[in-house]
Structures are given as structure tokens and as C-alpha cells.
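Written out below as C-alpha cells is the structure these notes cover.
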Amino acid sequence: MPLSRKKKETPEELIIKGLGVSPGIVIGPPYILHTAPLQIAERKLNSHKEVEQETERFHQALSITREQLNHQIQDAKTKYGKEYGAILESHFLILEDEEMIRGTLKLVQSSHVNIEAAFSSVMDKFKNNFLKSNNEYLRERATDIEDIKRRVLNNLLGQHKSVTVEEPSILVADSIKPSDIANIDRSKILGFISEGGSTLSHFAIVARSLNIPAIAGIANVTGFIHDDDKILMDGHKGELIINPEESTIEKYIKKSERLIKERADLELIARLPCVTKDEKNVALTANVELPEEVDKALNQGAEGIGLYRTEYMLFSGRELPTEEQQYQQYRRIAERIHPHKVTMRTFDVGGDKIPLEILSSRGYVHEDNPFLGWRAIRIGLECHDFFVPQLRAILRISASFHVEIMLPMIVSVDEVRQTKKIVEQCKKELKQEKIPFNDAIKIGVMVETPAAAMMADELAEEVDFFSIGTNDLVQYTLAADRGNPKVAPLYSCFHPAVLRLIHRTIESAHKHGIPVAMCGEMASNPYAVILLLGMGLDEFSALPPMLPKIKKLIRSIQFNDAKKFAEKILAMNNTADIEKSVADETKKFLSVT
Ligand code: PEP
Ligand code: MG
């Protein structure tokens with residue numbers, strides 16, 4: 001696969017395989033994210049210390065970029081052959097170029113400007129020299145310089161800039177962050193194609209929930225797709241077809257029609273109760289990130305929101321929304337889903353969800369291991385100005401609607417006790433201000449760390465409910481990054497260690513008389529439904545498009561049979577065997593496409 005594919009009069013069909021992370025078939029033009037010019041603001045440095053800090057940031061960004069490039073080269077070599085890997089290797093030369101590095105640092109020292117501005121200006125000079133060349137090969141290298149500049153600046157800035165998509169398009173990017181998704185007009189997005197990421201990346205979760213096909217793991221995708229290409233993507237197979245032939249398009253239209261029919265059949269189920277054959281009731285709720293997803297969830301038969309990822313509202317602005325702004329947004333969701341409940345998870349930022357402006361003013365600094373860093377409840381407990389307005393807004397909503405508070409990333413009983421104290425203080429103040437709230441509002445925790453699962457007995461004494469977050473529980477239990485395609489084969493929710501932690505959590509909760517939901521992706525996985533039901537899970541909180549399938553399965557089985565099946569699976573010790581057994585069992589009741 002060449003880095004810069006030549007444009008041809010009659011473009012040839014080209015099929016590329018990636019990782020399908022959200023099903024669906026679409027055809028359309030690409031919108032390539034890196035073509036948006038990067039806005040670099042120049043900032044004056046006032047001290048020698050600042051010059052040193054900027055130098056350090058530069059070295060860090062270069063080292064991160066080097067690491068990313070290294071991964072991509074390995075990946076590219078296995079997937080597309082040596083030739084392509086070699087082209088990417090040439091990017092290394094630009095990144096390591098002494099003249100570029102020295103020139104940038106010299107500019108910071110002599111002109112006292114921030115590193116982004118200095119680096120950008122040095123790279124632009126390099127690029128212009130190449131553009132002036134008479135040699136076509138050298139002119140082409142200007143694109144490579146721009147590519148490296150963008151990579152380093154993205155790492156320096158820690159995020160992409162906002163995106164304006166004019167016509168319905170397939171968004172093509174090297175990485176799609178939650179901030180990108182929050183900032184684009186989603187009605188214009190037909191699909192997502194990304195170089196990085198995996199099934200559990202946040203863009204993949206959002207794509208599935210919005211019913212938008214998505215493919216991850218296509219190395220240097222922004223380098224070889226042209227703006228005037230036509231793209232067909234099959235998010236189920238993870239196949240990207242550039243400039244498809246007519247016969248290919250026809251084949252895919254037929255496949256798409258079949259999938260749409262299957263989905264329509266399932267939607268009929270949405271209005272039926274979620275009970276097993278022997279009438280055991282199971283709660284079926286939805287995960288949402290954005291208010292506009294609520295209607296979709298209701299249409300698919302959701303009886304409540306089991307996970308509202310409140311942090312998504314932090315990506316559309318530079319400032320923390322005020323208590324009143326939060327109240328208004330929460331109210332829109334609670335009103336729409338009423339009389340059902342909304343489980344409102346307090347801001348789960350950190351990890352791969354970093355609203356930079358909001359967090360840096362509260363002491364956030366670059367972390368080498370953000371998933372093991374300053375995340376979620378840890379930030380809330382340290383920064384009351386961040387936490388309290390949210391808790392007050394939720395409490396105010398509780399006066400008129402059924403809302404519950406859920407705490408993310410809990411690892412100790414102490415964190416729960418500290419949070420409860422803050423909630424009590426908020427209640428006291430609201431009382432003094434004569435603002436109504438529900439004094440009996442329920443507080444629960446996410447069980448998404450092995451520590452929480454191991455402490456489930458003690459935690460159950462402190463809270464009103466559990467919700468198992470398998471996306472993080474799997475990554476922390478198996479020491480496999482949820483967003484790293486390289487370790488994706490290790491990352492399985494069917495690993496016996498994960499299943500035992502889930503089982504332990506459910507048992508502890510029931511012993512203490514509290515219900516257990518699951519809001520991690522495992523609850524949206526049809527293969528896991530019978531097993532989880534058999535383990536005694538009380539509530540499945542899943543992606544809206546998956547709800548009918550889950551309900552169909554639950555309605556097809558006897559609770560006792562599910563229990564026996566879970567016992568059998570819990571006695572097994574091998575992930576691959578378990579995966580095969582759950583797939584075989586599920587296929588007896590459902591065609592899983
Ligand atoms: C989880 O970890 O399973 C979860 C639901 O939380 P998030 O995916 O938002 O980290
Ligand atoms: Mg989580």
C-alpha cells in the first residue's frame with residue numbers, strides 16, 4: 001500500500017481489511033480529519049523556567065510520536081508489506097532530523113515563543129523548501145513533513161481540533177477522540193474509519209450506540225485515501241473498499257437490505273416485556289452519552305438509562321458547565337425517559353477522556369499511564385469545584401425525576417464514604433437554600449476495578465446498587481489496554497478470571513440485598529447474555545441497537561437452564577473454550593450477525 005496513492009483517471013477498486021468495531025454498510029465520500037488546518041496560537045514565554053518546560057514538552061512529544069510511528073511501521077509491514085513500511089520509515093528521518101530539532105529549540109530560546117509555534121514555523125520552512133523544488137519526488141515529500149508536523153502537534157496539544165463536515169461523509173482519521181465526536185455534527189457522519197483504536201475505544205462505543213458503522217486499525221489510512229475517492233465500508237467485516245466497482249456495490253446493497261430486515265424484525269420485540277420463558281423479570285436499560293440518544297434508546301425498548309456518561313458534556317466547551325447548565329442538560333434526559341430511571345454516572349474523565357482546558361486548570365499534567373492515573377472519582381474527591389456543582393445538579397433533578405448517582409473507578413470503601421460525606425454536605429446546603437431534592441436518592445458504584453470486585457462485600461454495605469463496568473474491569477484484570485489493537489486478542493470478557501470477579505460481585509450484592517447491573521460492553525454482547533442471566537445479573541444496560549437482540553435471547557430461555565449453563569461455564573478454565581461454548585449456546589436461539 002503506497003503512502004501517497006497516485007490519482008488515476010479510472011480509479012481501481014482497492015480492498016483493505018481492518019477491525020470492524022461497529023456494524024453496518026455505508027457508501028460515501030471520505031472526510032479526512034487531518035486536512036483541517038491546525039490552529040496554533042503563539043504564546044510569549046516569560047521566564048527561563050517556561051523555556052525549560054517547553055523544551056521538555058517537545059522532547060516528550062517527539063518521543064511519543066516516535067513510539068506511535070514505530071508501532072505503525074511494524075503493523076504496516078505485516079499488513080501491507082515491506083515497501084509500505086519503508087515509506088513510513090522515511091518519516092522517522094524527518095522526526096529525528098537534528099537541524100529541525102535544533103532549529104525549533106533555538107527559536108524557543110531566542111524568541112521566547114511556545115513550542116507549538118516554534119515547531120510549526122520551522123516545519124513550515126522545511127515544507128516550503130520542498131514545495132519549491134522542481135523535482136516531483138521532493139515536492140511529494142512536503143506531504144510527509146506536513147504529516148509529521150500534524151502528528152507532533154497533536155501530541156503536544158493532546159487533542160484534535162473541532163471539525164466541520166459539510167456533506168454526509170465517512171470520517172477518516174488517524175485517531176478519533178471523544179472530543180472529536182462531541183464537536184462534529186453527527187448527522188453528517190455516515191461512518192468512522194480510524195488508524196488506531198479497537199472495539200472498546202470510545203469512538204467505537206459511540207458509533208455502535210448511534211448505529212454508525214466503524215472500522216479501526218487501518219494503518220496510515222489518512223495517507224492513502226484521497227478526498228475524491230468513493231468509499232464503501234462494511235463495519236461488520238471491518239472491510240474498507242476504495243472506489244468499489246458496480247458489481248461490488250450491488251453485492252453490498254443486497255447484504256445491507258438483509259441486515260436492515262433482520263433489524264426490523266428485532267424491533268418488533270422492543271414493545272414486549274423483558275422476561276424469561278418462566279417469567280423472571282430482567283431490567284433492560286440503555287447506555288447513553290448524549291441527550292439525542294435517548295429517543296433511540298426508547299424506540300429500541302429501553303426501560304431506563306442504566307449508564308449516562310455525563311462527562312461527554314465536557315468536550316463541547318472549554319469551561320466546566322455551571323450547575324445550572326448541568327441541571328438543564330440532565331433535566332432534558334430525565335424528562336424524556338420519565339417515569340423510568342436515569343443512572344447518572346459522575347464525571348469519568350481521565351484515561352482517554354481528557355477535556356484538557358478544564359482539567360489543566362485543576363492540576364492535570366501529562367501522564368505516562370493515564371488509565372492508571374488521575375481519573376474519575378479521584379479527580380472529584382480532590383477538586384470539589386469540579387464535583388459539587390454536578391452533585392447539586394443531580395440532587396436538584398431528583399426532586400422531580402427518578403435519578404440515581406453512580407460513582408466511577410472506585411477502588412476502596414473509603415472513596416465511597418468520602419463521596420457520601422460530600423453528598424450529605426450538598427444536601428444540607430440545598431436544604432438551607434430551600435431547594436428541593438430527594439433525600440432517599442440512591443448511590444451506587446461501578447465495579448470496574450479488580451479491587452472493587454474483591455471488596456464487593458464491604459462495598460455492598462455502603463451503597464444501594466452495583467453496576468459492573470467490564471470495559472475497564474477486563475483491562476485492569478488482564479493487564480491489557482482496552483484501546484490497543486496489539487493486545488486485543490488478550491482482551492476478552494470471557495477470560496475465567498473476569499468471569500469469577502463478575503460472579504463474586506453478583507453473589508456479594510445479592511447477599512446484601514442490593515441489585516447488580518452491568519453497563520460495560522459485555523452486557524451488549526449477545527454471546528454473554530445467557531451466561532450473565534444465569535449468574536443472576538439483574539439489569540443489562542446496553543447500547544440501544546443491541547437491546548432487541550438481548551431481549552429476544554432473554555425471552556427465549558428458562559432461567560433455570562441459564563443457571564445451569566452459567567455453572568458449567570464458571571467451572572471452565574480456558575478462554576477459547578468458554579468463547580466457543582457461549583457462541584454455540586447463543587446460536588441455538590439467535591442468528592448472531
Ligand atoms: C466500563 O468501564 O465498563 C464502563 C462502562 O465505563 P467506560 O467505558 O465509560 O469507561
Ligand atoms: Mg469505565
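Please count how many residues of the stretch 38-54 are loosely packed, with under 12 Cβ neighbours inside 10 Å and part of a loop (DSSP other than H, G, I, E, B).
4
For the stretch 375-414, enumerate the residues that are acidic (Asp, Glu), more than 16 Å from ligand 1 (Cβ to nearest atom) and in contact with a Gly (Cβ under 9 Å, 6 or more places away or on another chain). Working first, answer last.
Filtering the stretch 375-414 down to residues acidic (Asp, Glu) leaves 382, 385, 404, 414.
Among the residues that remain, those that are also more than 16 Å from ligand 1 (Cβ to nearest atom) are: 382, 385, 414.
Of everything in the stretch 375-414, just one residue is acidic (Asp, Glu), more than 16 Å from ligand 1 (Cβ to nearest atom) and in contact with a Gly (Cβ under 9 Å, 6 or more places away or on another chain), namely 382.
Of the conditions (1) among the small types (Gly, Ala, Ser); (2) buried (at least 19 other Cβ atoms within 10 Å of the Cβ); (3) touching a helix residue (DSSP H, G or I) at 6+ places or on another chain (Cβ under 8 Å), residue 492 satisfies every one except a single condition; which number is it?
If we test residue 492 against (1) among the small types (Gly, Ala, Ser); (2) buried (at least 19 other Cβ atoms within 10 Å of the Cβ); (3) touching a helix residue (DSSP H, G or I) at 6+ places or on another chain (Cβ under 8 Å), just (2) comes out false.
Take residue 460 and decide whether it is within 15 Å of residue 502 (Cβ to Cβ), within 16 Å of ligand 1 (Cβ to nearest atom), of a type in the set (A, V, I, L, M) and open to solvent by less than 40 Å² (accessible area, probe 1.4 Å).
Working: within 15 Å of residue 502 (Cβ to Cβ): yes; within 16 Å of ligand 1 (Cβ to nearest atom): no; of a type in the set (A, V, I, L, M): yes; open to solvent by less than 40 Å² (accessible area, probe 1.4 Å): yes.
Spelling it out, it is not the case that residue 460 is within 15 Å of residue 502 (Cβ to Cβ), within 16 Å of ligand 1 (Cβ to nearest atom), of a type in the set (A, V, I, L, M) and open to solvent by less than 40 Å² (accessible area, probe 1.4 Å).
Here is a list: 279, 303. Which entry is in contact with a His (Cβ under 6 Å, 6 or more places away or on another chain) and open to solvent by 10 Å² or more (accessible area, probe 1.4 Å)?
Working: 279 fails: in contact with a His (Cβ under 6 Å, 6 or more places away or on another chain).
The match here is 303.
Do you know which residues across the stretch 501-533 are buried (at least 23 other Cβ atoms within 10 Å of the Cβ), of a type in the set (Gly, Ala, Ser) and more than 12 Å from ligand 1 (Cβ to nearest atom)?
Matches in the stretch 501-533: 509, 528.
Give the residues of the stretch 302-346 that are over 17 Å from the mean Cα position of the chain (by Cα) and of a type in the set (Phe, Trp, Tyr), sorted by residue number.
Scanning the stretch 302-346 gives 327, 330.
Residue-by-condition table, conditions (1) in contact (Cβ under 8 Å) with a residue 60 or more places away in the chain; (2) open to solvent by less than 50 Å² (accessible area, probe 1.4 Å); (3) in a loop (DSSP other than H, G, I, E, B):
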{"site": "348", "(1), (2), (3)": "yes, yes, yes"}
{"site": "359", "(1), (2), (3)": "no, yes, no"}
{"site": "375", "(1), (2), (3)": "no, yes, yes"}
{"site": "381", "(1), (2), (3)": "no, yes, no"}
{"site": "386", "(1), (2), (3)": "yes, yes, no"}
{"site": "396", "(1), (2), (3)": "yes, yes, no"}
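Of the residues 218, 176, which is buried (at least 24 other Cβ atoms within 10 Å of the Cβ), hydrophobic (A, V, I, L, M, F, W, C) and either in a helix (DSSP H, G or I) or at pLDDT below 85 (or both)? First the steps, then the outcome.
On the way: 218 fails: either in a helix (DSSP H, G or I) or at pLDDT below 85 (or both).
Criteria check complete, one pass: 176.
In the stretch 399-415, how many residues are surrounded by fewer than 22 Cβ atoms within 10 Å (Cβ to Cβ) and away from ligand 2 (no atom under 16 Å from the Cβ)?
Let us first name the residues in the stretch 399-415 that are surrounded by fewer than 22 Cβ atoms within 10 Å (Cβ to Cβ), namely 399-402, 411-415.
This time we only want the ones that are away from ligand 2 (no atom under 16 Å from the Cβ), so: 399-402, 412-414.
Residues flagged as surrounded by fewer than 22 Cβ atoms within 10 Å (Cβ to Cβ) and away from ligand 2 (no atom under 16 Å from the Cβ) within the stretch 399-415 amount to 7.
Only residues in the stretch 511-540 that are within 21 Å of residue 584 (Cβ to Cβ) count as the first member; pair them with residues that are acidic (Asp, Glu), Cβ under 7 angstrom, at least 6 apart or cross-chain, and list the lot.
Every condition considered, the pairs that remain are 530/585.
I'd like the full set of residues that are away from ligand 2 (no atom under 13 Å from the Cβ), crowded, with 19+ Cβ neighbours inside 10 Å and not hydrophobic (A, V, I, L, M, F, W, C), limited to the stretch 478-489.
Of everything in the stretch 478-489, just one residue is away from ligand 2 (no atom under 13 Å from the Cβ), crowded, with 19+ Cβ neighbours inside 10 Å and not hydrophobic (A, V, I, L, M, F, W, C), namely 485.
Kindly indicate which of 311, 257, 250, 262 is of a type in the set (Asp, Glu), surrounded by 15 or more Cβ atoms within 10 Å (Cβ to Cβ) and part of a helix (DSSP H, G or I).
Values: 257 fails: surrounded by 15 or more Cβ atoms within 10 Å (Cβ to Cβ); 250 fails: surrounded by 15 or more Cβ atoms within 10 Å (Cβ to Cβ); 262 fails: surrounded by 15 or more Cβ atoms within 10 Å (Cβ to Cβ).
From the options 311, 257, 250, 262, the qualifying one is 311.
Quick test of your reading of the structure: residue 356 fulfils all but one of (1) over 22 Å from residue 446 (Cα atoms); (2) within 18 Å of the chain's Cα centre (by Cα); (3) modelled with pLDDT of 95 or more. Name the failing condition by number.
Against the list (1) over 22 Å from residue 446 (Cα atoms); (2) within 18 Å of the chain's Cα centre (by Cα); (3) modelled with pLDDT of 95 or more, residue 356 comes up short only on (3).
With the condition kept exactly as written, say whether any residue in the stretch 450-466 is free of Cβ contacts under 8 Å to residues at least 40 places away in the same chain and under 22 Å from residue 398 (Cβ atoms).
Our first condition is that a residue be free of Cβ contacts under 8 Å to residues at least 40 places away in the same chain; within the stretch 450-466, this holds for none.
No: zero hits.
Could you please let me know if residue 270 is among the aliphatic types (A, V, I, L, M) and over 25 Å from the mean Cα position of the chain (by Cα)? Break it down stepwise before answering.
Numbers: among the aliphatic types (A, V, I, L, M): yes; over 25 Å from the mean Cα position of the chain (by Cα): yes.
Here the answer is yes, as residue 270 does meet what is asked.
Only one of (1) more than 10 Å from ligand 2 (Cβ to nearest atom); (2) outside any loop (DSSP other than H, G, I, E, B); (3) in contact with a Lys or Arg (Cβ under 9 Å, 6 or more places away or on another chain) is not met by residue 446, so which one is it?
(1)
The values are calculated or read from the model by the stated rules, or taken from the named source; none is laboratory data. Everything numeric in this text was worked out from a predicted model, so none of it was measured. We place every Cβ from the backbone using ideal geometry, glycine too, and count neighbours over all the protein chains shown. What goes into the accessible areas is simple: the full protein's heavy atoms, side chains included, and nothing from ligands, DNA or RNA. Shrake-Rupley method; radii C 1.70, N 1.55, O 1.52, S 1.80 Å.
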